[in-house]
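The block underneath contains the structure these notes are about, expressed in C-alpha cells.
Read the figures in this text as sums done on the coordinates, not as results from a lab. Model, not experiment: these values are computed from the prediction. Cβ coordinates were reconstructed from backbone atoms using ideal geometry, including for glycine residues, and neighbour counts include every protein chain displayed.
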Amino acid sequence: MVLIRYASILGAFGMVAHIVTNILYTEYPLHFDGETEERFGDVRKAFQQNFLDGWEAEGASLAVFVKGQKVVDIWGGYADKHADRKWKQDTLSVVFSSTKAVAALCIAILADRGRLSLPYLDTIITEAIAVDHNLMKNVLEEEEPKFTPGISTGYHAFTFGWLVDQIVRHTDEKQRGIGQFLREEVTEPNGIDFHIGLDLSQEYRVARVSLPRILDAISEIWSDMYMIEQFFHIVTLGKVRHFPLIHFDSLNCKFSRLSKNTPS
C-alpha cells in the first residue's frame with residue numbers, strides 16, 4: 001500500500017509538473033545533422049529517438065570509430081536553448097573528468113621521453129606480466145593499500161588539475177603548463193579539437209551546461225524506480241560537504257546495478 005500511495009503521489013505531481021512545464025517553457029523544433037554509414041543506421045535512429053522521447057532536453061553529439069575509421073558523426077538539438085543556438089559540427093562540450101584521461105596521455109608522453117618516471121606497483125612488471133590479464137590481476141590483488149581502507153579515498157576530484165599541471169611544468173623541458181603542452185604536442189599536430197583551458201575567442205562554441213528540470217528527474221524515476229534507491233544512497237553515503245567523496249567500498253555495495261550505461 002505504501003508503494004502504491006507513493007506512486008500515486010508521484011504520478012499526480014508528474015502531471016502537474018508536465019502542465020506547468022508546457023506553460024512556462026518554449027518548445028523548440030528538433031533538428032539533426034551529420035553522417036552515418038548505412039550499416040550504422042540504427043545508431044542514428046536511436047540517437048534521434050532519445051530526443052523524440054524527451055530524454056535529451058538540450059543537445060548532444062556522437063562520434064563512433066571502428067578500427068580507426070569514423071563510421072558515425074552525428075549531432076542534434078541545441079547548444080544553448082536560451083539563445084536559440086543550434087548544436088553544430090564544431091560545438092564543444094565540457095567533458096569534466098574525461099579530461100583526466102587526456103592529462104594522463106601528457107604524463108605518458110613525458111615518461112616515454114624519460115622526463116619523469118612512474119611510481120609503479122610493488123611488483124616489477126615484466127612484458128610477460130603486462131600482456132597477461134590474469135597475472136596482472138594477481139599483481140593488483142596483492143598490492144598493498146597506500147592508505148588504510150575506509151579512512152580516506154584516493155580520488156582527487158577537485159585538485160587533480162592543479163596536481164597534474166605542476167607535474168608537467170616541472171618535468172617538461174620548456175616548462176609548459178598542461179594546456180599548452182597538450183596543444184603543442186598532441187592536438188594541433190593531429191588536428192584534434194580538444195582543449196584544456198579554452199581561448200576566450202572560442203568560448204562561443206561551447207554548449208551551455210544545464211541542470212535537469214524537475215520533470216526530467218520525475219520522468220527518469222518513473223521509468224526506473226531504482227533511481228529512488230540510488231538517490232537515497234548518494235544522500236545517505238555523503239557525510240561530507242561534497243557528497244561524491246564517498247567510501248569506495250560502500251559505493252560498490254550500494255551501486256551494484258546502475259540505471260544508465262551499465263552492462264549488468
Backbone HN-Hα couplings from phi across the range 192-199 [Karplus 6.51/-1.76/1.60, Hz, Gly and Pro as x]: 9, 9, 9, 9, 10, x, 8, 4
FRET efficiency for ASN134 and LYS100 from the Cβ-Cβ distance with R0 = 25 Å, rounded to 0.05, comes out at 0.40
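Could you calculate the FRET efficiency of ILE109 with ASP84 from 1/(1 + (r/R0)^6), where r is the beta carbon distance between them and R0 is 35 Å, rounded to 0.05?
Working from the Cβ atoms, E equals 0.25.
Calculated FRET efficiency, GLN49 and GLU143, Cβ-Cβ r, R0 45 Å, to nearest 0.05? Provide the component values of the computation, followed by the final result.
Numbers: r = 44 Å, r/R0 = 0.98.
Efficiency, rounded to the nearest 0.05: 0.55.
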For LYS88, which aspartates and glutamates qualify as cross-link partners when the Cα separation must be under 15 Å and same-chain residues fewer than eight apart are set aside? ASP33, GLU35, GLU58, ASP73, ASP80, ASP193, GLU203
Could you give the length gained by full extension between GLU220 and ARG169, i.e. 0.36 nm per residue of separation minus their alpha carbon distance, to one decimal place? 14.0 nm
Once each part is reduced to its C-alpha centroid, what is the distance from the range 88-114 to the range 127-204 in angstrom? 8
Check which residues have an amide H placed less than 5 Å from GLU56's amide H, if you skip close sequence neighbours. PHE51
Cut-off under 5 Å, modelled amide H: who pairs with LEU30 long-range: none
What distance in nm separates the simple spin-label points at TYR204 and GLU188, each placed 7 Å from Cα in the Cβ direction? 2.3
